[in-house]
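Asker: Before I ask anything, here is the structure I am working with.
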Amino acid sequence: MSDSSPAPSLYAAREPIFPRRVSGKFRNLKWVIMAVTLGIYYVLPWIRWDRGPELPDQAVLLDLAGRRFYFFWIEIWPHEFYFVAGLLVMAGLGLFLFTSALGRVWCGYTCPQTVWTDLFILVERWIEGDRNARLRLHRQKKLDLRKIRLRLTKWVVWLLIGLATGGAWVFYFADAPTLLHDLVTGQAHPVAYTTMAVLTFTTFFFGGFAREQICIYACPWPRIQSAMMDEDTLTVGYRDWRGEPRGKHRKSAETENLGDCIDCMACVNVCPMGIDIRDGQQMECITCALCIDACDDIMTKVGKPRGLIDYMALSDETNERAGKPPRPVWKHILRPRTIMYTTLWGAVGLGLLFALFIRADISMTVAPVRNPTYVTLSDGTIRNAYDVRLANKHGEAREFELSLTGNPVFSLSLEGEEGATVMVPADTASLQRVYIEAPKSSAPANAEATEVRLWVEDLSSGERASRDTTFNGRGD
């Protein structure tokens, strides 16, 4: 006889979470990090940095149209994208380092989803009240004027935060004051308005409605972090050997054998992910440590030692169960895995600094013209043409002089220029057609190929750069 019961659903509808307000050192740390990160994000595009009269004065600018990245005194050209790649490698290694040492501290303190969700919850609390008031409003079936007013007010503030988020983002890609004027007057490019609309909606939806769903289902990091952590990683945990069996501490003989946990649910009520840390390590936990603040506050009130929920390592469980003190924090942090990540991180950073300090302010690339490989002039002279790209990384126009070394019979000339000098504008790569000629019956003119070196010199600073290329003859 077949079972006619329906198959279990693979999707569980989201249960809204209303975290209770909590105070403590970790909550204060999160407020500080929120203020710093949001301050940097919103203010950075407006900081000015003088690079010269012909260059943009925005301190941080991702100039995609001009193919330049500006970061204060650092300017990254397209062929120097390895700097960006190196920074991304450092960011990845830094994430591995902090995860192996302290668990998901990135998720709990600095992840944009966490920061903006914290901000949205703060707005929600200001408008609708703390946990109990928000719960009552959520469970209220009747849609009266008060509920409509509170909901609309909250959503309007969320939309304004989302609009500011999208607006700040587009300011990184163009001169901020100019773009702001164009946005207000309706003269900005449609891409700017589209980007702002997308970021406004995603911020509004992710921070206001999806919240923990993004961390659980959309983000891959919870599933990757286990490879970065081991038994020595410090992460938020519950000392069940001290807290169990849990129960209300009433004055009776039955409570003498109870643990320190009074089952007050404070740790659950403040959790933005809606989990119970007393159930052990869970993928949903972002180690924000708000449960530590809540539990410490309760332990103080009932006269019990703080630290029932705390940052702890699994390797200390045996010692603590036996009543021995845990190992010092530095021994958990300084171990082979974290030392390896720190060494790699530092090596990449030093490599980028070395590359940054040794890079030249002028550069040159040489591309021989292949069609035709060479031409024969009326007097028998053999001419080769080259496309030379001269990069002037200075903040003002510079005069460059081209020359060559190799066989002394070679002569050099520039298309459209008298002599061998060319003016290159500030912060620009200029393409110049260069001709190299060899007289009839000379060795280079009759050879299959002759090595030649092109030089460029900055006449203002004396700085030089060179590239090797080949001069092609008739092969006679």
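The values are calculated or read from the model by the stated rules, or taken from the named source; none is laboratory data. Since we're looking at a predicted model, the values are computed, not measured. Note: ideal-geometry Cβ built from the backbone for every residue, glycine included; neighbour counts use all protein chains shown.
Asker: Quick one: how many residues across region 171-220 are among the polar types (S, T, N, Q) and not in a helix (DSSP H, G or I)?
Answerer: Qualifying residue count, region 171-220: 1.
Asker: Can you list residue pairs whose Cβ atoms sit under 7 Å apart, with the first residue in region 27-42 being of a type in the set (D, E, K, R) and the second being not in a helix (DSSP H, G or I)? Count only pairs 6 or more apart in sequence or on different chains.
Answerer: Matching pairs, first to second residue: LYS30/CYS288.
Asker: Looking at region 247-265, is at least one residue surrounded by 15 or more Cβ atoms within 10 Å (Cβ to Cβ), basic (Lys, Arg), modelled with pLDDT under 90 and not assigned by TED's automatic domain parsing to the domain that holds CYS107?
Answerer: no
Asker: Restricting to region 316-329, what's the tally of residues that are within 35 Å of the chain's Cα centre (by Cα), surrounded by fewer than 16 Cβ atoms within 10 Å (Cβ to Cβ) and part of a helix (DSSP H, G or I)?
Answerer: So the answer is 1.
Asker: So, one more: Please name all residue pairs, on different chains or six or more residues apart, with Cβ atoms under 9 Å, provided the first residue is in region 358-373 and is assigned by TED's automatic domain parsing to the domain that holds SER461 and the second residue is acidic (Asp, Glu) and loosely packed, with under 13 Cβ neighbours inside 10 Å.
Answerer: From region 358-373, the pairs are VAL366/ASP468.
Asker: Would you kindly identify the strands (runs of 3 or more DSSP E) lying entirely within region 413-476 that contain at least 2 residues that are of a type in the set (A, V, I, L, M) and either loosely packed, with under 12 Cβ neighbours inside 10 Å or touching a residue at least 40 places away in the same chain (Cβ under 8 Å) (or both)?
Answerer: Per the criteria, 428-438, 449-458.
Asker: Report every pair of residues separated by at least 6 positions or lying on different chains whose Cβ atoms are under 9 Å apart, first residue within region 278-296 and closer than 15 Å to ILE224 by Cα, second part of a loop (DSSP other than H, G, I, E, B) and among the acidic types (Asp, Glu).
Answerer: GLN282/ASP276
Asker: Now, a different point. Are any residues in region 397-415 over 15 Å from GLU463 (Cα atoms) and within 46 Å of the chain's Cα centre (by Cα), and if so, which ones?
Answerer: LEU404, LEU414, GLU415
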